[in-house]
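For reference, the structure discussed in these notes is given below.
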Amino acid sequence: MFDFLDMNELLGAFWVTVKLTVYSALGSLIWGTMLAGMRVGPIPLMRGFGTVYVNVVRNIPLTVIIVFTSLGLYSTLGIALGGDTIPVINFRLAVLGLIAYTSAFVCEALRSGINTVPVGQAEAARALGLSFTQVLRLIVLPQAFRSVVNPMANVLIALTKNTTVASAIGVAEAAYLMKGLIEEYAALLLIAGVFALGFICLTLPTGLILGWVSKKVAVKR
Amino acid sequence: MTSVLYDAQGPSAKRRNLLYTALFLAASAVVVWWVYDGLNSKGQLDWVKWEPFFTSSQPYVTYIWPGLQNTLTAAALALVIALPLGAFFGIARLSDHWWVRGIAGTVVEFFRAIPVLILMLFANQAYSDFTDIDSDMRPLYAVVTGLVLYNASVLAEIVRAGIQSLPTGQTDAAKAIGMRKGQTMRYVLLPQSVTAMLPAIVSQLVVIVKDTALGGAMLTFSELLASVRPMSANYGANNIASFTVVALIFIALNFALTSFASWLERKLRRGKKSTGAVVHAGPGGGLETIGPPTIHTDDGQSG
């Protein structure tokens, strides 16, 4: 009944999913924060760039971005991101695509967090003579980060689920394994159940733990 | 333009900002040059590769329009089916009976936790194993099923939040004039909350349109993204040009929807007839950052 279940294969595939999630989450947190900084900053050109980036990237399907990294960047332009075997190259390209896409959402979440900081905080900081960078780094962003733990958790959960799109360019993660298994074995419900459970195990704790964290760190006002 | 985050600029700040602008421009120029050089050296900028999109209607008629039609069909079907289903589960989650709440809650949380792609793969195989749907139509069925299962659960949350955004006085008043629970929901709560939900529903449509592309990449569903391969093959491996055109169409379509949603939200906030509550809108007060208003459905960035 469970003859499709090769534990090593299954855990391996989910491990790739986890790795994709973690690398993309770190990357998009950094790039997303930079974008948010640009969007609220005093330099019109950077503000424009941030706005255009977010609005363009949010409206392209992630699948188009990921397939483009493979067909456009790698096949056509030969960009391999320093990888030498096809699995490594595809993995890195998928991470690049996921970062490019997810940072738009990180930026928007952070910007809505900046909106929750009371005006008086920034005004007081400016009255003390702090520069824009100091206001953002010392006063506004620390409070903004603490108020966006919940939205960020939603971005992270969506990212975890979005890593399945990487199977479109052959990254051997969970959805890729599932596609192979359901074509090979006649135990559709069981296989789908196992993978559904796997994703619930990944996403549900993320939501619960970060929900608890968001209550702990929220700035009480 | 000024913001609360920084002071009106004096001469030295203006000079400094000019310097940063110049540096940013220089960095952008380097990136643009690098991209241009990469494209040019692989011959992707040759006029031959772009010409079909400017001089003839053939790529649009043969590849793009059928693909776009399939994308729109799948998205429309998914929304039309998911909306009543979502409303049903959203209302069920507000039931007075704990077991109805429990079942509806479990179903909604289950389908929200699973990637759409997994649902689509499952539906595709299930239709092939257990039904005799024509194999030409199967990808469309599978894509719509996957989208419905996922988006119905997201819409259920939107409906629930919409109903909860109404003042409790509405329910009390309905009770006071002797309405039953079903009547309260039908005549009082739902009609009012629909306005609050509209922007969130429209922006969910963007997610649905984007997710149809999964069917093109994984299920041989011939939607817009899937038209890139035959197009690129037909016009001399113009991968970049084909991708650019398809991406631009997706951006235009979804940008129109996003703009419509935020226009709707602004209109509803000003409107006198609504309660002024809008589901999942950004919080008011505090620092207002510059930029168009954004709408956040809770995890509306799938696929």
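Ordering A:LYS179, B:LYS267, B:LYS210 by accessible surface, largest first, gives B:LYS267, A:LYS179, B:LYS210; the 1.4 Å probe counts only protein heavy atoms, with every chain in place. Taken as Cα centroids, region B:1-55 and region A:180-212 sit 43 Å apart, rounded to the nearest whole angstrom. Solvent-accessible surface (1.4 Å probe) assigned to B:MET137 amounts to roughly 90 Å².
What angle, in degrees between 0 and 90 and rounded to the nearest 10, separates the Cα long axis of helix A:7-40 from the longest principal axis of the Cα atoms of chain A? Computed tilt is about 20 degrees.
B:SER128 sits among other residues whose Cβ lies under 14 Å from its own Cβ, and their net charge, with Lys and Arg +1 and Asp and Glu -1, is -4. Among A:78-90, A:164-176, the peptide with the highest mean count of other Cβ atoms within 10 Å heads the list, and the full ranking is A:164-176, A:78-90. So how exposed is B:GLU109, as accessible area in Å² (1.4 Å probe, rounded to 10)? Approximately 70 Å² of B:GLU109 is accessible to the 1.4 Å probe. The C-alpha atoms of chain A define a longest principal axis, and helix A:174-184 lies at about 20 degrees to it.
Take each residue of peptide B:15-24, count the partner chain Cβ atoms within 10 Å of its Cβ, and average: the result is 3. Could you compute the net charge surrounding A:PHE132? Neighbours are other residues with a C-beta less than 11 Å from the C-beta of A:PHE132; K and R count +1, D and E count -1. Summing Lys and Arg as +1 and Asp and Glu as -1 gives +2.
Taking a cut-off of 26 Å between Cα atoms, list the lysines near A:LYS19, but don't count ones fewer than 8 places away on the same chain. Cα-Cα hits under 26 Å: A:LYS161, A:LYS179, B:LYS210. For a modelled paramagnetic label at A:VAL217, 7 Å from Cα along Cα-to-Cβ, the residues of region A:151-181 in reach, with backbone nitrogen under 19 Å, are A:151-160.
Partner shielding of A:196-204 amounts to 4, given as the average count of beta-carbon atoms from other chains within 10 Å of each residue beta-carbon. Across the protein chains, with a 1.4 Å probe defining accessible surface, the residues B:ILE91, A:ILE191, B:ILE81, A:ILE60 rank B:ILE81, B:ILE91, A:ILE60, A:ILE191 from largest area downward.
In chain A, helical runs assigned H by DSSP with n ≥ 4 each contribute -39500 (n - 2.57); averaged across all residues and rounded to the nearest 500, the mean residue ellipticity at 222 nm is -24000 deg cm²/dmol. Ellipticity at 222 nm from helices only: DSSP H runs of n ≥ 4 in chain B, each -39500 (n - 2.57), divided by the residue count, give -23000 deg cm²/dmol. The 1.4 Å probe gives accessible areas that order A:ARG126, A:ARG47, largest first, as A:ARG126, A:ARG47. Please label the shape of chain B as rounded, prolate or oblate, based on the square roots a ≥ b ≥ c of the eigenvalues of the alpha-carbon gyration tensor (a/c under 1.5 means rounded; beyond that, a/b larger than b/c means prolate, else oblate). Oblate is the answer for chain B, as a/c is 1.5 or above yet b/c matches or exceeds a/b. The largest-to-smallest principal axis extents of the Cα set in the protein assembly as shown are 69, 64, 49 Å. Taking all protein chains as they are arranged and a probe of 1.4 Å, the heavy atoms of B:ASP136 leave approximately 120 Å² accessible to solvent. In chain A, the longest principal axis of the Cα atoms and the axis of helix A:44-58 are about 30 degrees apart.
Taken residue by residue and averaged, Cβ atoms of other chains lying within 10 Å of the Cβ of B:105-116 number 5.
The values are calculated or read from the model by the stated rules, or taken from the named source; none is laboratory data. On a predicted model such as this, the values are computed, not experimentally measured, just so you know. With ideal geometry, Cβ positions are generated from the backbone for all residues, glycine too; neighbour counts draw on all protein chains shown. Keep in mind that these areas ignore ligands, DNA and RNA; they rest on the heavy atoms of the full protein, side chains included. Shrake-Rupley method; radii C 1.70, N 1.55, O 1.52, S 1.80 Å.
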